[in-house]
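**Student:** Here it is, the structure in full.
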2 protein chains.
Amino acid sequence: MPTIKYYVREGLLPPGELTSPNQATYGEVHERRLRLIRALLDVGGMKVAEIADVLTAIDDPARPLHKVLGAAADRLGASSVEHDDTESAAAHAVVTDLVSRRGWRTHEADPAAADLAKALAAMARLGHGAFVEVLDDYADAAEQVARADLAYVGRRVSVEDMVESVVIGTVLGEAVFSALRRLAHVDASAQRYGADGPPEPKTS
Amino acid sequence: MPTIKYYVREGLLPPGELTSPNQATYGEVHERRLRLIRALLDVGGMKVAEIADVLTAIDDPARPLHKVLGAAADRLGASSVEHDDTESAAAHAVVTDLVSRRGWRTHEADPAAADLAKALAAMARLGHGAFVEVLDDYADAAEQVARADLAYVGRRVSVEDMVESVVIGTVLGEAVFSALRRLAHVDASAQRYGADGPPEPKTS
DNA sequence: CCCTAATGGATAGCAGCACTATCTGCTATC
DNA sequence: GATAGCAGATAGTGCTGCTATCCATTAGGG
């Protein structure tokens, strides 16, 4: 229970209604909020400060969606360690090329583009510059996921829950996809090279 | 430079060849290793202990691939906070159903399956149990990504670099896909609801 | 040949994060 | 009216990724 106090202190959770100076009542909203916080924290891997940003953004009815997501997406990269070398430049070029080739209507300053460039630059530095050859397959899959996500939100969710749902879908959806990818990876690998030994999880 | 000493201490980086008791020489291998560490750390978001596991696994030539990846994939979930409630049970059922429906040859104890179940359970607890309706779209995309990844590794990489390449592909590929997904999301959203305001990044 | 500056190795310290424990004052309630 | 409990505030904990300091040794320039 002290954890809840902590969340209230950090602004993640509104304080309970005070019936008396020392008696607060928590209700439905708090419970739901708490579940959301735990999910974003445990499954989504966000940090509390980011969650605080996202939640205040969700609560602000006039907040445009992309700003909420901007607050949510900072959990990746954002180290702001700009390498500014050959690989980074090349990666940025690849990204802008990809965006224009796909006709993606995205704000050119989107942090996601910077994250993408950073990841590609890192691969290039590791001798995997040729990874860009599969970028379009990745992009196809990403589009498919984005479409699925949007369709789900569009048909399942009322307008007032929209923002929260998109946040949930984006953050938890990433965890879902990540797990699926690993499963598919195992299967594809088994398909190509035949199964290897038994599980025997011994990872320290 | 003290960071390198730290990595050596943690077993991420082999100590340099000692030419004299106080003079060590670092070479090509160390540089490459260091780049790999930085990539896994900064872009992949792994922690140093996990990276240590993965690197020792990579260095062990007799290590089956899936164990290396097991060491790598623990970065997600793994909180071991088993909820053991209705949602968890339902989520597990959904996962085993999905796996069998897809015919995925995966070890049933694969931690990825547990992560997936955890994520789905979290969504269910947030009132988004209907998210499973789009699971197959997600799975399609995941299969596509896995195929692309495997094809890349299969045609680009020599056998001795295979394990390392798969790790890089899995970890950094996740960052790549995540960024692509966010970009695609913005585009799909613009397509569906028309563009909203200008970027103006003001995220705290 | 000697003196300085640098290096490797070991130990200790620091900053950020997610909590957790304690302490104080008050109040519901038995 | 005594006790148990809660709200709120402050301080402390454990972990993680580094960083700083210390020491003995040694490269290497004058």
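The values are calculated or read from the model by the stated rules, or taken from the named source; none is laboratory data. As the structure is a computational prediction, the values presented were derived from the model and not from experiment. When we count neighbours, we look across all protein chains shown, and the Cβ atoms used for this are built from the backbone with ideal geometry, even at glycine.
**Student:** Is at least one residue of region B:123-137 closer than 25 Å to A:Y138 by Cβ, crowded, with 17+ Cβ neighbours inside 10 Å, in contact (Cβ under 8 Å) with a residue 40 or more places away in the chain and at the interface with another protein chain (Cβ under 7 Å from one of its Cβ atoms)?
**Tutor:** no
**Student:** Answer yes or no as to whether B:D84 is farther than 18 Å from A:A184 by Cα and either within 7 Å of chain A (Cβ to nearest Cβ) or surrounded by fewer than 13 Cβ atoms within 10 Å (Cβ to Cβ) (or both).
**Tutor:** yes
**Student:** Taking interchain pairs and intrachain pairs at least six residues apart, which have beta carbon atoms under 9 angstrom, with the first residue in region A:1-14 and within 14 Å of chain B (Cβ to nearest Cβ) and of a type in the set (D, E) and the second in a helix (DSSP H, G or I) and more than 11 Å from DNA strand D (Cβ to nearest atom)?
**Tutor:** So the pair list comes out as A:E10/A:V48; A:E10/A:A49; A:E10/A:I51; A:E10/A:A52.
**Student:** Quick one: which residue in A:K5, A:K47 is within 20 Å of B:M123 (Cα to Cα) and within 9 Å of DNA strand C (Cβ to nearest atom)?
**Tutor:** Of the residues listed, the single one that is within 20 Å of B:M123 (Cα to Cα) and within 9 Å of DNA strand C (Cβ to nearest atom) is A:K47.
**Student:** Would you be able to tell me the number of residues in region A:8-44 that are of a type in the set (G, A, S) and near DNA strand C (Cβ under 8 Å from one of its atoms)?
**Tutor:** 1
**Student:** Would you check which residues across region B:99-120 are assigned to a helix (DSSP H, G or I), within 10 Å of chain A (Cβ to nearest Cβ) and farther than 24 Å from A:L40 by Cα and list them?
**Tutor:** B:V99, B:R102, listed by residue number.
**Student:** For region B:12-53, give me the residue count where each residue is surrounded by 14 or more Cβ atoms within 10 Å (Cβ to Cβ), within 12 Å of DNA strand D (Cβ to nearest atom) and outside any helix (DSSP H, G or I).
**Tutor:** 5
**Student:** With more than 9 Å from chain B (Cβ to nearest Cβ) and modelled with pLDDT of 90 or more as the only criterion, which of A:A39, A:A93, A:A24 stands out?
**Tutor:** Selected residue: A:A93, the only one of A:A39, A:A93, A:A24 that is more than 9 Å from chain B (Cβ to nearest Cβ) and modelled with pLDDT of 90 or more.
**Student:** Further question on the same structure: For residues in region B:58-90 being in a helix (DSSP H, G or I) and modelled with pLDDT of 75 or more, which is nearest to B:K47 (Cα to Cα)? So that I can check it myself, show each step before the final result.
**Tutor:** First, the residues of region B:58-90 that are in a helix (DSSP H, G or I): B:58-59, B:65-73, B:86-90.
When the remaining residues are screened for being modelled with pLDDT of 75 or more, the result is B:58-59, B:86-90.
Values: B:I58: 16, B:D59: 18, B:T86: 32, B:E87: 30, B:S88: 27, B:A89: 30, B:A90: 31 Å.
The extreme case among them is B:I58.
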